[in-house]
Amino acid sequence: MTTTPSPDPRIEAVAARLKEAVQERAEALGPPPVWQPIWNRPRKPKTIKEKKAELAKQRKRLKAAGVRRFYGSQARRPRPRPRQNRIGSAAARRDARVLSRMRHTNAWLW
């Protein structure tokens with residue numbers, strides 16, 4: 001059988017002070033703001049400096065992408081893929097596909 005300890009007056013006093021402080025803070029802050037989805041909140045307009053910085057960053061990013069694309073195509077240009085080899089490998093792939101299908105079926109070859 002468990003017995004509850006008698007309430008300690010010091011703990012009760014601290015709890016009462018905490019409740020009082022919470023109540024005071026709630027009164028000072030006022031009611032919570034009405035919830036709004038983020039797309040309904042008014043946006044803070046960007047300054048001209050922020051806009052220009054953002055556009056400069058975007059320009060730099062797009063220019064780097066263009067350079068990458070250019071040099072990527074340059075690397076492939078001097079050595080084109082041999083067509084005959086591609087056709088042969090396609091036929092080999094086709095044969096391998098058919099053999100693999102045959103291997104996974106329960107058909108018996110006779």
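The values are calculated or read from the model by the stated rules, or taken from the named source; none is laboratory data. Quantities reported herein were computed from a predicted structural model and do not represent experimental measurements. For neighbour counting, all protein chains shown are included, and Cβ atoms are generated from backbone atoms with ideal geometry for every residue, glycine included. Ligands, DNA and RNA are excluded from the accessible area calculation, which covers all protein heavy atoms including side chains. Shrake-Rupley method; radii C 1.70, N 1.55, O 1.52, S 1.80 Å.
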>> I need every pair where a residue in region 59-86 that is modelled with pLDDT under 75 has its Cβ under 9 Å from the Cβ of a residue that is hydroxyl-bearing (Ser, Thr, Tyr) and open to solvent by less than 100 Å² (accessible area, probe 1.4 Å), sequence separation at least 6 or different chains.
In response: none
> How many of the residues in region 87-110 are modelled with pLDDT under 75, open to solvent by less than 100 Å² (accessible area, probe 1.4 Å) and not hydrophobic (A, V, I, L, M, F, W, C)?
Replying inline: 3
> For region 13-40, how many residues are assigned to a helix (DSSP H, G or I) and open to solvent by 100 Å² or more (accessible area, probe 1.4 Å)?
Replying inline: 11
